[in-house]
Amino acid sequence: MFGSVHLPRASQRTSFQLANAPYAIYAPGRTCQVGLRASF
């Protein structure tokens with residue numbers, strides 16, 4: 001199983017009233033996950 005999150009690397013901005021005055025900016029980067037599932 002393979003999963004990836006946040007591929008375009010765009011930052012997420014939160015603002016209260018004005019669009020050009022951000023309250024918080026979150027830029028986590030790209031995340032890839034690899035999983036293995038098995039039964040014995």
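Computed from the coordinates by the stated procedures, all read-outs in this text should not be read as laboratory data. In this text, all values refer to a predicted model and were calculated from it rather than measured experimentally. Cβ atoms come from the backbone with ideal geometry, glycine included; neighbour counts cover every protein chain shown.
Taken together, the criteria exclude Ala27 from residues that are loosely packed, with under 10 Cβ neighbours inside 10 Å, out of contact with any helix residue (DSSP H, G or I) (no Cβ under 6 Å at 6 or more places or on another chain) and of a type outside the set (Asp, Glu). Right, Phe2: out of contact with any helix residue (DSSP H, G or I) (no Cβ under 9 Å at 6 or more places or on another chain), touching a residue at least 24 places away in the same chain (Cβ under 8 Å) and among the aromatic types (Phe, Trp, Tyr) or not? So Phe2 passes the test.
Yes/no per residue for (1) among the polar types (S, T, N, Q); (2) touching a residue at least 40 places away in the same chain (Cβ under 8 Å); (3) surrounded by fewer than 10 Cβ atoms within 10 Å (Cβ to Cβ); (4) outside any strand (DSSP E or B):
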{"position": "Ala10", "(1), (2), (3), (4)": "no, no, yes, yes"}
{"position": "Asn20", "(1), (2), (3), (4)": "yes, no, yes, yes"}
{"position": "Tyr23", "(1), (2), (3), (4)": "no, no, no, no"}
{"position": "Cys32", "(1), (2), (3), (4)": "no, no, no, no"}
{"position": "Ala38", "(1), (2), (3), (4)": "no, no, yes, yes"}
